[in-house]
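Visitor: Provided herewith is a single structure, encoded as structure tokens, for subsequent inquiry.
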Amino acid sequence: MGASNGSLRFEQDIKPLFRETDQRSMDSHFDLWDYEDVRDNAEAILKMVASGRMPCDGAWPPEKTAVFQQWVEAGTPA
């Protein structure tokens, strides 16, 4: 994951982290496949995935969490 130049983008790097089941289960709160929704809730999402509370059927592997954290730290680029 991640562009070869090191920049992460929502459509190519972040959106694919979320499965269809994740998107459906969180739809009442925000749309995990919508850039603006994920950007606006990025800190809360990061806390949830880092704690292992999201997704609800099992924690992300550390590499996946690291990708999301890098994206957040980079300013949530589109």
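Visitor: Of all residues in the range 9-28 being assigned to a helix (DSSP H, G or I) and over 11 Å from the mean Cα position of the chain (by Cα), which is nearest to T76 (Cα to Cα)?
Guide: Restricting attention to the range 9-28, the residues satisfying the condition of being assigned to a helix (DSSP H, G or I) are 10-17, 20-26.
Next cut, over 11 Å from the mean Cα position of the chain (by Cα) only: 12, 20-21, 24-26.
On the way: Q12: 13, E20: 21, T21: 23, R24: 22, S25: 22, M26: 19 Å.
Out of the qualifying residues, it is Q12.
Visitor: If I go through the range 30-76 residue by residue, how many of them are at positive phi and β-branched (V, I, T)?
Guide: Total meeting the criteria: 1.
Coordinate-derived values only; no laboratory data. Since the structure is predicted, the reported quantities are computational estimates derived from the model, not experimental observations.
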